[in-house]
Amino acid sequence: MRVLLSVYDKTGLEDFATGLVRLGHDLVASGGTAAALGAAGIPHQAVEDITEAPEMLGGRVKTLHPRIHGGILADRSKPQHLADLEAQGIAEIGLVVCNLYPFESNPSIELIDVGGPTMVRAAAKNWAHVGSVVDPADYPAVLAELQAGPLSDALRHRLAAKAFAHTAAYDAAIANWFAEPTGEEKLPDTLHFSLERAQVLRYGENPHQAGARYREAGTHSWWDDVVQHGGVALSYLNLYDADAAWRLVHLLADLGPAAAVVVKHANPCGAAVADDVAVAYDRAFECDPMSAFGGIVALSAPVSEQVAQELVKHPKADVLIAPGYDAGALELFATKRKNMRVLSAPAPTPDRWHLRQISGGWLVQEPYVFATGRGDWQVVTEAQPTEANWRDMELAWRVVAWVKSNAIVLAAGGMAVGIGGGQQNRVSPGELAVARAAGRAKGGAAASDAFFPFRDGLDAVAAAGVAAVIQPGGSVRDDEAIAAANEHGLVMVFTGERQFQH
């Protein structure tokens, strides 16, 4: 069998090619692949020897030739195809091994591969007779089948599916690059995604639903580097909630030496910063112990055995995610929390787009980022904030960004003490937050994810005894809210940015 090799990623190439030669197959290689085989002393023919035409245009044209594509595309079941090959002196090619330039590593015209995708697609189209290998991870399986005889229909079919996915992802990356918005446009005219399954999950949102994690093809997510040290398999909601918790705890990390977050159904039900991660967790848990049961815990610092001993004093979390664990901590969890999913993870990476499916289409937006900080915020009341007020407002403001709208968060002394969210008006979340704070918000701060349209929302949070309120501002009744804040003797700060999350 004649095998054509033309690969950018040369992982495992030498061993694979050596195995093919030992099985009696003839190798044909192009460009850098031929050079690599020659350097390794592996017998082969160059593509130019087959086409009798030199590489040209700086390598842009080398495999685009009937003696290559005729050998790949000929349907062996059709006598006319075989007669055409014989008339033109073209030999059949039974295996094409090709992967493409890494376009996304440095998007440019010169990294747009033409000959490679053409060979891959040709081999995949003719999968009934030709194998198409685009992933070095498939080399062992291909060699194993060739040792026993021809490639099976099942393997060729699987390889063809993978080949078309490979070219689809490649073309999607190029199309997105060309569609990059210019001028004042922020969103492109078209978006192209090719997703590959990265992880099979225990189940979906409910046990009767299948679930899996996908990533954009050819990319690497921080989730790919997560290590599960213990507990039962992860489900759809475990990942969804852990992602929210991990992002929020990193958002809080610069407010103190250690941060802790407890999330339930993608909403924080506790958050705190402290000098010690165990203390931070204790305080985060105390925000709403009832809701924290069976929640997701995220810690900003590694977990020692001493910290683990504090954690197991509380009711079980479904998932614990942290930068790392020492051996004693993992041993304790294996004994005391056998079903808890214990995850270590690198820092989360930013997303380029946020997508949400609706009937017949998708909603697309830029990911939320904090557009302003303390230096941009405006104090609009007679009372001026102390440093303690600023710290409480900063914590409340960051936490409220992760609570489903309408949302109010009360914070005092480095911890969230009352969280109310997911309401259809702005008074109810304030009343919920005040009730959950149970008197612990006195002297602290309240954050609202959007402006107060009427003073009743401000009156609701003032009832908690807070000293400061932080909100976006921008209502036609801002003057009424400011007057109410002055009446209550509160500090009030406008951030100029809304933080809705639905």
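Scanning the chain for long hydrophobic helices, with DSSP H runs required to stretch 24 angstrom or more by C-alpha along their axis and to average at least -1.0 on the Kyte-Doolittle scale, returns 153-178, 236-252.
For the peptides 321-332, 412-423, the ranking by mean Cβ contacts within 10 Å, running from highest to lowest, is 412-423, 321-332. Put simply, the Cα atoms of region 2-178 extend 42, 34, 32 Å along their principal axes, the longest span coming first. Across the options 168, 262, 42, the greatest Cα extent toward the positive end of the charge dipole of the chain (unit charges at beta carbon of Lys, Arg, Asp, Glu) belongs to 262.
Take each peptide in 476-483, 97-104, 153-160, count the other Cβ atoms within 10 Å of every residue, and average; sorted highest first, the result is 97-104, 153-160, 476-483. In terms of the mean number of neighbouring beta-carbon atoms within 10 Å, the peptides 395-401, 169-175, 221-227 order highest first as 395-401, 169-175, 221-227. Each 10 Å bin from zero holds the following percent of Cα-Cα pairs in region 80-215: 11, 28, 29, 21, 8, 2, 0. Amide H contacts of residue 470 (H built 1.01 Å from N, in plane; Pro and chain starts excluded): 446, 447, 448, 493 sit under 5 Å, all sequence-distant by 5 or more or on other chains.
Ordering 219, 207, 140 by the projection of their Cα atoms onto the charge dipole of the chain, which places +1 on the Cβ of Lys and Arg and -1 on the Cβ of Asp and Glu, puts 207 at the extreme positive end. In percent, rounded to a whole number, the relative contact order of region 375-494 is 28, using alpha-carbon pairs under 8 Å and six or more apart.
Based on Cα atoms of region 350-502, Rg over Rh with Rh as the Kirkwood radius reads 0.99. Give the separation of the Cα centroids, region 396-457 to region 8-60, in Å. So the separation of the two Cα centres works out to 66 Å. If you look at the Cα atoms of region 74-113, you get an Rg and a Dmax of 17.0, 45 Å. The candidate values are [x] 53, 28, 24; [y] 59, 26, 18; [z] 46, 33, 24; the one derived from this structure for semi-axes √(5λ) of the Cα gyration tensor in Å carries the label [y].
Residues whose amide H comes within less than 5 Å of that of residue 97, counting only those at least five positions distant or on another chain, are 4, 5, 6, 133 (H built at 1.01 Å from N in the peptide plane).
Database remark: amide H of residue 198 closer than 5 angstrom to the amide H of 213, 214, 215 (H placed geometrically; neighbours at sequence offset of 5 or more, or on other chains; Pro and chain starts carry no H). A full extension of the chain between residue 15 and residue 306 corresponds to an added length of 99.9 nm, given 0.36 nm per residue minus the alpha carbon distance.
From zero outward in steps of 5 Å, how is the percent of C-alpha pairs of region 227-344 spread across the bins? Going out from 0 Å in 5 Å bins, region 227-344 shows 2, 14, 26, 28, 21, 8, 1 percent. In region 334-455, taking the dipole from charged Cβ atoms about the Cα centre, the farthest positive-side position among 390, 422, 401 is held by 422. The helix-based estimate of mean residue ellipticity at 222 nm for the chain, built from -39,500 (n - 2.57) per DSSP H run of four or more residues and divided by its residue count, is -11000 deg cm²/dmol to the nearest 500. Assuming charge only on the beta carbon of Lys and Arg (+1) and of Asp and Glu (-1), the dipole of the chain about its Cα centre is about 1280 debye to the nearest 20.
Charge dipole (Cα centre; +1 on Lys/Arg Cβ, -1 on Asp/Glu Cβ; no other charges) of region 338-420 amounts to roughly 560 debye. Using the Cα centre of region 227-344 as the reference point, and only Cβ charges (+1 on K/R, -1 on D/E), how large is the resulting charge dipole? Debye, rounded to the nearest 20. I would put it at about 400 debye.
Bear in mind these aren't lab numbers, they're just calculated from the coordinates by the rules spelled out. For clarity, every value in this text was computed on a predicted model and none was experimentally measured. Heads up, the Cβs are rebuilt from the backbone with ideal geometry, glycines too, and the neighbour counts pull from every protein chain shown.
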